[in-house]
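Each remark here refers to the structure printed beneath this line.
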Amino acid sequence: MVERSDEQLLRAFAAGEDAALAELAARHEAGMLGVARGLLGGNDALAREVVQEAWVRVIRGAGRFRADAAARTWLYRIVVTRCADARGREARAHRPRAGENGRDGIPPADRVRLAEALAGLSPEHRETVVLCYARGMTQADAAAVLGIPLGTVKSRLHTAMGRLRTALDEEDGGRS
C-alpha cells in the first residue's frame, strides 16, 4: 500500500474518512506536543490542552484546507497560534508554570537555567528558537509555520541566541 500524503489524509478526513485523521495524528501529535511544550515553558498539562484545541480546529477546518502550504505547516501554525492564546490566558491568570520532567538527559539544574533564559525571550524569539532547535525544523519550515519571511527567522534566531548566551553567561558570573 502506498502511504498517503498529509494533504491527502486531510482531504480524506474532510470527505468523511475518520481513520485518516487518526493517521495524521499518529504522524504529527508528538511533534505538535513538543512545540507546544517548548513555547509554553515546559508546562505539559497546558501543552496537551493546546494540542487538543488544535485538533478541534483541524477537525472543524479540514474541509476548508486549501493546500496553500503543506498540511504539516498548517498544523504547526495552529499550535503556535493556540500557544499564543494560552500564554495570554496564563499571563492574565498569573499562574506559575510547571517545569517539564525531561527525558533528554539534560540535568535538572541546567534545564531550569535554560527554561528561565528562554522565558526571558520575547514570545516571537522563543517560538523561533523552539521550532528550529527543539523541534529541529529548518529555518524555511519555521518561517512557513510562523507565516514570516525567512530573513526574519534568521534575524530572530541570531538575536535570540545572543540573548540566551548573555543570560546564561551572566548566571555563570561570566565564567564560560
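The values are calculated or read from the model by the stated rules, or taken from the named source; none is laboratory data. No experiment lies behind these values; they were computed from the predicted model shown. Glycine gets a Cβ as well: all are built from the backbone with ideal geometry, and neighbour counts include every protein chain shown.
Cβ separations smaller than 8 Å between residues 6+ apart or across chains give the following pairs from region 108-127 residues that are farther than 16 Å from ARG37 by Cβ to residues that are among the hydroxyl-bearing types (Ser, Thr, Tyr): HIS125/THR159. Considering (1) modelled with pLDDT under 90; (2) under 23 Å from GLU7 (Cβ atoms); (3) not charged (D, E, K, R), the lone condition that HIS94 does not fulfil carries the number (2).
Residue count for region 128-166 satisfying the condition of being part of a helix (DSSP H, G or I) and in contact (Cβ under 8 Å) with a residue 24 or more places away in the chain: 18.
Residue-wise test of (1) β-branched (Val, Ile, Thr); (2) in a helix (DSSP H, G or I); (3) over 16 Å from the mean Cα position of the chain (by Cα).
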{"position": "ARG4", "(1), (2), (3)": "no, no, yes"}
{"position": "ARG11", "(1), (2), (3)": "no, yes, yes"}
{"position": "ALA19", "(1), (2), (3)": "no, yes, yes"}
{"position": "MET32", "(1), (2), (3)": "no, yes, no"}
{"position": "GLY38", "(1), (2), (3)": "no, yes, no"}
{"position": "ALA47", "(1), (2), (3)": "no, yes, no"}
{"position": "VAL50", "(1), (2), (3)": "yes, yes, no"}
{"position": "GLY61", "(1), (2), (3)": "no, yes, yes"}
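Exactly one residue among ASN43, ASN101 is modelled with pLDDT under 90 and loosely packed, with under 15 Cβ neighbours inside 10 Å, and that residue is ASN101.
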